[in-house]
Amino acid sequence: MSFFISSAIVALTLTAVSAPALAAPSKELKVGDTAPAFSLTMHDGQNFSLESRKGKGWTILFFYPKAGTPGCTKQACAFRDSADKLRKQGAEIYGISTDTVDSQAAFHKEHKLLFPLLADPTAKVTELYGLKLPVMKIAKRWTFILDTNLIIRNIDTKVDPLLDAKNVGETIQKLAAQAVPAVK
């Protein structure tokens, strides 16, 4: 009987200790919000600041769990294969994960990616965007489309790695058509 009581006390103690950490998620971002500013190191060791994108067209931020895993590889390669088309739409692509700069560099080189990968090894940006998985230091697979003023215009929370790049291209096309004033 004391075993069951001890087990219950341990379970309650673990719940009480871990609950506050899980109960404080970041503010959920929504369409129309200004994208949280950040600076990270790119796969090539250079610094990247989101603010540098202001006034320069669409910005695609795709967060993925881990470089080199099957789903993440499919997603990154789909963006690689669509990079020229997306750039013709005035967009630049940035992949973000909690991997190190070295891991991002290896992933970038192995798959001949045509856009920067940003390393977030502390998960601070991942957490800032509300995408850090509880307990684990990895991101949810979400994609954000930002306009030239760094306003969030689309958030895909149910990303299909194979179709993400295609869906982003179609979404940007629709968003751009909505932004064009009607000719009188």
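Go through the stretch 111-122 and give me each residue that's closer than 12 Å to C72 by Cβ and either of a type in the set (A, V, I, L, M, F, W, C) or touching a residue at least 40 places away in the same chain (Cβ under 8 Å) (or both).
Residues of the stretch 111-122 closer than 12 Å to C72 by Cβ: 111, 113, 117.
Once the filter is applied, which keeps residues that are closer than 12 Å to C72 by Cβ and either of a type in the set (A, V, I, L, M, F, W, C) or touching a residue at least 40 places away in the same chain (Cβ under 8 Å) (or both), the stretch 111-122 yields L113, L117.
Just for strands (runs of 3 or more DSSP E) wholly inside the stretch 82-184: which have at least 1 residues that are in contact with a helix residue (DSSP H, G or I) (Cβ under 9 Å, 6 or more places away or on another chain) and more than 18 Å from M42 (Cβ to Cβ)? If you could, list the steps in order and put the result at the bottom.
Details: elements: 91-97, 117-119, 142-146, 152-156.
Because the criterion is at least 1 residues that are in contact with a helix residue (DSSP H, G or I) (Cβ under 9 Å, 6 or more places away or on another chain) and more than 18 Å from M42 (Cβ to Cβ), the strands (runs of 3 or more DSSP E) in the stretch 82-184 that meet it are 142-146, 152-156.
Values in this text are rule-based calculations from the coordinates and carry no lab data. These numbers come from a predicted model, not from an experiment. Cβ: placed from backbone, ideal geometry, glycine included. Neighbour counts: every protein chain shown.
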